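The values are calculated or read from the model by the stated rules, or taken from the named source; none is laboratory data. Predicted, not measured: the structure shown is a model, and the values here were computed from it. Glycine gets a Cβ as well: all are built from the backbone with ideal geometry, and neighbour counts include every protein chain shown.
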Amino acid sequence: MYRWPEALCMGVPGMLAALAEVPGQLAGSIGNLFLAGDYMGIPSVNGALSSGRRAATAVADLLASTTG
Ligand SMILES: Cc1cc2nc3c(=O)[nH]c(=O)nc-3n(C[C@H](O)[C@H](O)[C@H](O)COP(=O)(O)OP(=O)(O)OC[C@H]3O[C@@H](n4cnc5c(N)ncnc54)[C@H](O)[C@@H]3O)c2cc1C
């Protein structure tokens, strides 16, 4: 469990729309590179976790397609 001092992550107008474009901008630019982090979606612990799950699934899918 992490405890933060009281604080708020401030977002500027347009931030979520800009964030939504990040995965597409990076996709396929470097082969076999799978990125995860809160910058890949909603900037929160849940966003970081779900991006990690997506990246792990993509790695597993790639490995299954190359070894199967
Ligand atoms: C004050 C504050 C309060 C917050 N409150 C909440 C909250 O209540 N709820 C919530 O869901 N989220 C909250 N967040 C957001 C949450 O902390 C982040 O969204 C989440 O931690 C992002 O996880 P991450 O793994 O993507 O990145 P990070 O947790 O930032 O992890 C990235 C890691 O990479 C390391 N690193 C960076 N550069 C390098 C390098 N070149 N080489 C090696 N390592 C490197 C860093 O040291 C760090 O350990 C808060 C954030 C802050 C700052």
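Observations on the structure shown:
- Filter pass, residue 2 being within 11 Å of the ligand (Cβ to nearest atom) and touching a residue at least 24 places away in the same chain (Cβ under 8 Å): yes
- The number of residues in region 1-52 being within 13 Å of the chain's Cα centre (by Cα) and assigned to a loop (DSSP other than H, G, I, E, B) comes to 10.
- Scanning region 43-66 turns up at least one residue that is within 12 Å of the ligand (Cβ to nearest atom) and modelled with pLDDT under 85.
- Scope region 1-32; condition more than 15 Å from residue 47 (Cα to Cα) and β-branched (Val, Ile, Thr); matching residues: 12, 30
- From the list 27, 36, 18, the one residue that fits, being within 8 Å of the ligand (Cβ to nearest atom) and free of Cβ contacts under 8 Å to residues at least 40 places away in the same chain, is 36.
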